[in-house]
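Shown below is the structure under consideration.
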Amino acid sequence: MTETSPRPSRLVAALAARDIHYGWVVVAVTFLTMLATAGALGSAGVMIDPLRAEYGWSTAEISSAFAIRLALFGLMGPFAAALMNRFGLRPVILTALALLVATFAASLAMTTLWQFRLLWGVAAGIATGMTARVLGATVATRWFVARRGLVVGLFAASSASGQLVFLPVLAALATAHGWRAAILLMIGVLALAFVLVALAMRDDPADVGLAPFGAAAPVPRAATGQGLGALLWMPVGTLLSVSRSNTFWVLALTFFVCGLSTNGLIQTHWISLCGDFGMVPVTAAGVLAVIGLFDLVGTVGSGWLSDRYDNRWLLFWYYGLRGLSLLFLPASDFSLVALSVFGVFYGLDWVATVPPTVKLAADRFGAARAGLVFGWVFAAHQIGAAVAAFGAGATRTEFQTYLPALYVAGAFCLVAAVLAITLSKPGGATAVPARA
């Protein structure tokens, strides 16, 4: 079937007159969406102590919901890519944001632990998983040929920005007015993202008569020719194919450790951890914001480095330094100065591991399958985060301290550093074939 070329909107034409590609509008809307959902994920960190005080739930019980959420957040990624291919970016994003708003609104009236697990575990995990890193990879691939690495780096940094913008404010609201006030703020931000996506998001440059940024001509959208069932099977088939590769398992295991030592441990339990040492939530959230700020610098810098240096050795240094910083933390006095030093060094490689991991996946498995392969690698990341979220909470409940969890995470980071350099040199391994 042939279609006439879509006519660019007034905004597209006005931007083009100023030599601005509409893809940058799509980047801005996607960044805001990922920033808002990152804030929704990060809001868990300010919830533990208030929920423990109001309902009498243990840290382990509260953490079990966060573990479910983190696992679903990762496992949804490969299937979210299939849904975006089948239904388009905008419908999937709008559905995810609407589900997240409904979930948070319903949580304002929850009274039991099972309701909390259903809402903050299952529903929030599915909703945020539909706007996980796969969304950023899909937007970057469809809308950009040039500057694609920069766009990926910006999206990866959105999680850091989510902490930077929201957590101190959420902590202040929760302290002054209760945790429900913090949730109301998140509902407002997510609703704003919903409106902007509805108004400005487009699935493909061809929808507005443009070529991808850096391309000479429009790229026709490939028809899938497949039903939803076949598209949903594609991630499973990809996993079965690449699971024979040692490279895949090294990337998955190291990213498992990445999640174990970041989202699941520090992002989820940081405020509660600092509270054990007498630090008020607002100050603890401020330190986490410092981590987020330096992560923004580290991630963008990592994207630049990954185009110029051996990505295996970049991962070695990132995981090694992260491990040392986690081992330093329990030995510190948890003063503001010590935590600030930790925040700088730890923050510089919070998600700096993403650009080298994405690049290794693309180099070893081919650009056509890089998104799906990274989707499964990211699923391993979130499983590691889920293990840490629950494990650290159980440690706190059993031993009245988080310190054993810090030692374990630091040791695993050192193991991951060694694993990273076991990968063969670039060009030394052939990509896994698309078919068995």
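Carbon and sulfur together cover what percent of the accessible area of the chain at a 1.4 Å probe radius?
The value for the chain is 69 percent carbon and sulfur by accessible area.
Now a separate question. Relative to the longest principal axis of the C-alpha atoms of the chain, give the angle of the C-alpha long axis of helix 403-420, reported between 0 and 90° and rounded to the nearest 10°.
30
Take Ser243 and Leu403, extend 7 Å from each Cα along the Cα→Cβ direction, and tell me the distance between the two endpoints in nm.
Computed distance between label sites Ser243 and Leu403 equals 4.1 nm.
Give the distance, in whole Å, between the Cα centre of region 256-299 and the Cα centre of region 342-410.
If we compute the Cα centre of each part, the gap is 14 Å.
Could you sort Val169, Val152 by their accessible area in this structure, using a 1.4 Å probe and putting the largest first?
Correct descending sequence by accessible area is Val169, Val152.
Here is a further query. What residue among Phe342, Phe73, Phe399 has the largest mean-square fluctuation in a Gaussian network model of the chain, using Cα springs under 10 Å?
Greatest mean-square fluctuation among the candidates belongs to Phe399.
So, how do all the Cα-to-Cα distances of region 282-436 break down into 10 Å bins, in percent, from 0 on up?
Spelled out bin by bin, region 282-436 gives 10, 33, 35, 16, 5, 0 percent.
Now a separate question. Would you mind working out the magnitude of the charge dipole of region 1-107 relative to its Cα centre, with +1 at each Lys and Arg C-beta and -1 at each Asp and Glu C-beta, to the nearest 20 Debye?
For this selection, approximately 400 debye.
Rounded to the nearest 500, what is the 222 nm mean residue ellipticity of the chain from helices alone, with -39500 (n - 2.57) per DSSP H run of 4+ residues and division by all residues?
Rounded to the nearest 500, it is -24500 deg cm²/dmol.
Per residue, how much accessible surface does region 3-75 expose to a 1.4 Å probe? Answer in Å², no decimals.
Computed with neighbouring chains in place, this is 41 Å² per residue.
Still on this structure, I have one more. Give me the number: length gained by fully extending Leu232 to Arg86, i.e. 0.36 nm times residue separation minus the C-alpha to C-alpha distance, one decimal in nm.
So the chain would gain 51.6 nm between Leu232 and Arg86.
For labels at Trp317 and Lys425 in the simple 7 Å Cα→Cβ model, what's the distance in nm?
1.9
Does region 151-216 come out rounded, prolate or oblate, given a ≥ b ≥ c as the square roots of the eigenvalues of its C-alpha gyration tensor, rounded meaning a/c under 1.5 and, failing that, prolate meaning a/b above b/c? It would help to have the intermediate numbers written out before the result.
Numbers: a/c = 6.70, a/b = 2.21, b/c = 3.03.
Oblate.
Counting C-alpha atoms alone, how compact is region 354-419: give Rg to one decimal and Dmax as a whole number, in angstrom.
That works out to 15.5, 48 Å for Rg and Dmax.
May I ask for the percentage of alpha-carbon pairs in region 78-149 that lie more than 18 Å from each other?
Every Cα pair in region 78-149 considered, those over 18 Å come to 47 percent.
Continuing with the same structure: How much net charge surrounds Leu89 when only the other residues with a Cβ under 9 Å from the Cβ of Leu89 are counted, with Lys and Arg +1 and Asp and Glu -1?
Net of charged neighbours comes to +1.
Looking at Val415, Ala211, Leu41, which one has the Cα that reaches farthest to the positive end of the dipole of the chain (charges on Cβ: Lys, Arg +1; Asp, Glu -1)?
Ala211
Follow-up. Please get the size of the charge dipole for the chain, origin at its Cα centre, with Cβ charges of +1 on Lys and Arg and -1 on Asp and Glu, quoted in debye to the nearest 20.
In total the dipole reaches around 1040 debye.
I would also like to ask the following. So for the chain, taking the charge dipole from beta-carbon charges (+1 Lys/Arg, -1 Asp/Glu), which of Ala193, Phe79, Val300 sits furthest toward the positive end?
Going by the Cα projections, it comes out as Phe79.
Here is a follow-up. Taking the simple approach of a point 7 Å from Cα along Cα-to-Cβ for both Phe277 and Ala411, what is their distance in nm?
2.1
If you don't mind, there's one more thing I want to ask. So if we plug the beta-carbon distance of Arg18 and Arg148 into 1/(1 + (r/R0)^6) with R0 = 25 Å, what FRET efficiency do we get, rounded to 0.05? Let's see the in-between values first.
Working: r = 22 Å, r/R0 = 0.89.
Taking R0 as 25 Å, the efficiency between Arg18 and Arg148 is 0.65.
Thr141 to Gln115: FRET efficiency via 1/(1 + (r/R0)^6), r the Cβ-Cβ distance, R0 41 Å, to the nearest 0.05?
Here the calculated transfer efficiency is 0.60.
The values are calculated or read from the model by the stated rules, or taken from the named source; none is laboratory data. Computed from a predicted model, the values in this text were never measured in an experiment. Cβ atoms come from the backbone with ideal geometry, glycine included; neighbour counts cover every protein chain shown. Remember, those area values only see protein heavy atoms, side chains included, never the ligands or the DNA or RNA. Shrake-Rupley method; radii C 1.70, N 1.55, O 1.52, S 1.80 Å.
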